[in-house]
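Here the structure comes first, spelled out in structure tokens, and everything after it is commentary.
Quick note: the coordinates plus some simple rules give every number you see, no bench work behind them. Since the model is a prediction, treat every value here as computed from it, not as a measurement. Cβ: placed from backbone, ideal geometry, glycine included. Neighbour counts: every protein chain shown.
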Amino acid sequence: MIFKKRLNNNAVIAEDEKGREKILVGCGLGFQKKEGSEVEEQKIEKIFSLEDAGQREQLKELLQEIPVEHVKLADDVLSYARVHVNSKISTNVIIPLCDHIYMAVERKKQGIDVKNVLLWDIRRYYPAEYDTGLYALRCVKERFHVKLEEDEAGFIALHIVNAQMNLKQKSVHEITTVMQEIETIVRMTCKIKLDAESVYYHRFITHLKFFAERMFSGKTYEDQEAAALAEVIRAQYQEAYQCGRKIADFMGDKYHYTLSEEEILYLSIHIARIVSVSRKPRV
């Protein structure tokens, strides 16, 4: 790769053989380098090739302000999330992750802890993302010898959630609120305590997460095959279907969002499963 610009001693901008711009990180990569010279490939530790030009510029600015070790850690957290959460999480999450982790470490050194009021909800609704946050905290302690509070794991988890949703106007907080509201309707209508340890509960929560995202994006889910199942679902899952109708009315009243019949049917199926499991006595 051809050296173009030094960001600092450990980060440079380079071009590959096809003329594509890359951001390279590695110990001493930028030390006394001249434009047009070959980059020493054995020194390259990380390669960033963000597709969005604006994101690339932000990462360049970040690397000029933040120690490269924080960028490496953020990249490792992203790799962990891609294995344990979602393989398609956008590389763009590197920027908010890196910035957040750096600021959290600096705050902790000054004795400042920030409380995360959503921590309980994050642990409940986004367990895989929260696990990624805990992984990040372990990495910070191991590499920087700074012990961050559990609240920071929740904040990091939210960055991972955001990276999967690609929402422009609504926040994870608003999506989580909708999930809480629907869960409350199910609990009150069916008079149950939901079994949060059940695999069906996690499927239910995942369904609600993407339902809320669709709602705030103004999209409606439609499936022609669901229409053929309508009578069966209404007859077999009467309680769940009535609960689904109640949720539809609530969404219409509060958010002016009209659930399609297909959405109500699939919601009813998830409700029926989680209600059935939650009513079974634990062994």
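Data overview
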item	result
Overall dimensions of the stretch 68-165 as given by Cα atoms, namely Rg and Dmax in Å	12.2, 36
Unsatisfied cross-links (Cα-Cα over 29 Å) in the set 254/280; 209/280; 43/108	254/280; 43/108
Cβ-based net charge around residue 85, under 13 Å, with every Lys or Arg adding one and every Asp or Glu removing one	+1
Trypsin sites (Lys or Arg not before Pro) restricted to DSSP loop in the stretch 51-138 with at most 10 other C-beta within 10 Å	88, 115
Descending principal axes extents, the stretch 172-279, alpha-carbon based, whole Å	35, 34, 23
Karplus 3J(HN,Hα) series, Hz, for the stretch 243-249 with 6.51 cos²θ - 1.76 cosθ + 1.60 (x for Gly, Pro)	5, x, 5, 5, 5, 4, 5
